[in-house]
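Okay, structure first, notes after.
The values are calculated or read from the model by the stated rules, or taken from the named source; none is laboratory data. Because the structure is predicted, anything quoted here is derived from the model rather than measured. Please note: Cβ atoms are built from the backbone with ideal geometry, for glycine as well, and neighbour counts cover all protein chains shown. Ligands, DNA and RNA are excluded from the accessible area calculation, which covers all protein heavy atoms including side chains. Shrake-Rupley method; radii C 1.70, N 1.55, O 1.52, S 1.80 Å.
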Amino acid sequence: MAISGNTKLLGIIGDPVEHSMSPDMHNRAIAELGLDYVYVPFPVKPDNLGAAMAGFAAIGVVGLNATIPHKQAVMSYLDVITPEAQAIGAVNTIWRSDRGWEGTNTDVTGFLAPLRDRAASNPAIQRCFDRPLVLLGHGGAARAVVAGASQLGCPLVHVVGRTPEKVEAFVRSWDNSPIAVNLKGHSFSELGTLLPEAGIIVNATPIGMHPQISQSPLSDAVAVRISSDAIAYDLIYTPSPTFFLHQAQRQGAIAIDGLEMLVRQGAAAFEIWVGQAPPIETMRQALRERLGLA
Ligand code: NAP
């Protein structure tokens, strides 16, 4: 599709943003549907965020993704924020409406999609949702996992981190949240007792991400405590599988990597901007090609 004066603008703001894979995914979906849109990476320094948002409004940008370091900071430039994004404390999807800039967080939808897909094809998986979820890490992505755990109905989220004060602050930050969830904080040394009961174990740390592919948040001695009927979910998408997922598979657990979360958060954003269902397989394939997995 040729770009013209009528072409509608979408994009991603970040710093850095040059290596984002979102343009691959969205421009392939746009081409597949024959739409007159283009998705552009916009490098925006933190000090320029306000000016950039005003500029995007002035030139009629239709929708944006926000990535590091703007996911929290951009919230102060939005006119409407969904309750879920407010509770998570971060926005990754922004669109222009007659109310101004609106924002939400589609990482929760992305996180939940592969779990719900599996439960739809195998109802026994639902039982994993009725057991505690062990969450490794307590950064931005972990907040979407907590919101997702609430939607799944998980009875308890064990938050595991290396800095007790940060773990405690994360747990406390949900105290007055509209998201109903039961959280307990732990150190990594407690994993041996937490893992056998866990229905879902989520790695929301960067441990094991390329190029540190031989690392895992779990030692081999602790990983054997993973139950054979648990789900191990790594938010990392390269390598696939990560060493953590490899350890879990050795115990017979189901392994889910972060690629589908990335695809489905993007698909949810696309649908908000364009108002029609995106070709998810095309988006998935674009990412697989970009990652050299195709
Ligand atoms: P973040 O905000 O920087 O949080 C990272 C978390 O990992 C923090 O709790 C940090 O704890 C912990 N951590 C880092 N290194 C550690 C180590 N060596 N030992 C123990 N804990 C460690 O990052 P994020 O945005 O949440 O991202 C986390 C991971 O999720 C990344 O791998 C990212 O690529 C992935 N992710 C995937 C998707 C997707 O769509 N698939 C989306 C978002 C994120 P401290 O504060 O103690 O350092």
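Numbers below:
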item: Per-region count, the stretch 136-184, residues away from the ligand (no atom under 12 Å from the Cβ) and among the basic types (Lys, Arg); result: 2
item: Criterion: in contact with a Cys (Cβ under 7 Å, 6 or more places away or on another chain), more than 14 Å from the ligand (Cβ to nearest atom) and open to solvent by less than 50 Å² (accessible area, probe 1.4 Å) - qualifying residue of Ala230, Ala223, Ala248, Ala253; result: Ala230
item: Among the candidates Arg96, Arg131, residue that is in contact with a Gly (Cβ under 9 Å, 6 or more places away or on another chain), under 27 Å from Gln72 (Cβ atoms), among the basic types (Lys, Arg) and more than 16 Å from the ligand (Cβ to nearest atom); result: Arg96
item: In the stretch 117-133, the residues that are open to solvent by 60 Å² or more (accessible area, probe 1.4 Å) and either hydrophobic (A, V, I, L, M, F, W, C) or outside any helix (DSSP H, G or I) (or both); result: Ala120, Asn122, Asp130
item: Breaking point among (1) of a type in the set (Val, Ile, Thr); (2) closer than 19 Å to Ile68 by Cβ; (3) open to solvent by 40 Å² or more (accessible area, probe 1.4 Å), for Thr109; result: (2)
item: The stretch 53-84 - residue that is touching a strand residue (DSSP E or B) at 6+ places or on another chain (Cβ under 7 Å) and modelled with pLDDT under 95 and, of those, least open to solvent (accessible area, probe 1.4 Å); result: Glu84
item: For Trp95: the one exception among (1) surrounded by 16 or more Cβ atoms within 10 Å (Cβ to Cβ); (2) assigned to a helix (DSSP H, G or I); result: (2)
item: Selection status of Pro241, within 14 Å of the ligand (Cβ to nearest atom) and open to solvent by 30 Å² or more (accessible area, probe 1.4 Å); result: yes
item: Verdict on Thr282 being open to solvent by less than 50 Å² (accessible area, probe 1.4 Å), at negative phi and part of a loop (DSSP other than H, G, I, E, B); result: no
item: Test result for Thr205, open to solvent by less than 80 Å² (accessible area, probe 1.4 Å), without any contact (Cβ under 8 Å) to a residue 12 or more places away in the chain and within 13 Å of the ligand (Cβ to nearest atom); result: no
item: Matching residues in the stretch 9-31 - criterion: being of a type in the set (A, V, I, L, M, F, W, C) and either in contact with a Ser or Thr (Cβ under 8 Å, 6 or more places away or on another chain) or not in a loop (DSSP other than H, G, I, E, B) (or both); result: Leu9, Leu10, Ile12, Ile13, Val17, Met25, Ala29, Ile30, Ala31
item: Number of the exception - Asn122 against (1) within 15 Å of the ligand (Cβ to nearest atom); (2) more than 15 Å from the chain's Cα centre (by Cα); result: (1)
item: So Ala85, is it assigned to a helix (DSSP H, G or I) and within 16 Å of the ligand (Cβ to nearest atom); result: yes
item: Residues of the stretch 185-194 satisfying the condition of being within 16 Å of the ligand (Cβ to nearest atom) and in contact (Cβ under 8 Å) with a residue 12 or more places away in the chain; result: Gly185, His186, Ser187, Phe188, Glu190, Leu191, Leu194
